[in-house]
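See structure below.
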Amino acid sequence: MKKTIQDNYRVEIYPAQLIISSVKDINEYDKDICQGILADINRHVDNIGEAEVVCDTKDICTHCESIWETEESGEPVCCNEAIHEWIKEQRKSDEKALLNE
């Protein structure tokens, strides 16, 4: 029989976000705010085992900044620029393979 227990207690702090024009600006803002919060915590709070700024990673398109998704073949689905770039790279790869045969 399965039993669910609570484990690994910790404090997670999520800073408020401002609306900023681009993904890069938002990420830089979040990083700066988190580093400021971390400095405040380290300065004012006792009994901290470890405190650090961490982040998640995700793949985005360099052209449209959408979340990177592909077909099974590897072809991107987000925008024409990414698709054309992928096709161009596939052709180069195919030509290289033919030359090596």
Filter the stretch 46-87 down to the residues that are part of a loop (DSSP other than H, G, I, E, B) and among the acidic types (Asp, Glu) and list them by number. Asp46, Glu50, Glu52, Asp56, Asp59, Glu65, Glu69, Glu71, Glu72, Glu75
Which one is surrounded by the most Cβ atoms within 10 Å (Cβ to Cβ), of the residues in the stretch 25-71 that are within 23 Å of Trp86 (Cβ to Cβ) and modelled with pLDDT under 90? Glu65
Note on the stretch 1-24: residues among the basic types (Lys, Arg) and modelled with pLDDT of 80 or more are Lys3, Arg10
Give the stretch 54-81 a look and list any residue that's farther than 30 Å from Glu12 by Cβ, of a type in the set (S, T, N, Q) and without any contact (Cβ under 8 Å) to a residue 12 or more places away in the chain, or say none. Thr70, Ser73, Asn80
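The values are calculated or read from the model by the stated rules, or taken from the named source; none is laboratory data. These figures come from a predicted structure and were not determined experimentally. Don't worry about glycine lacking a Cβ; one is built from the backbone with ideal geometry, like all the others, and counts go over all protein chains shown.
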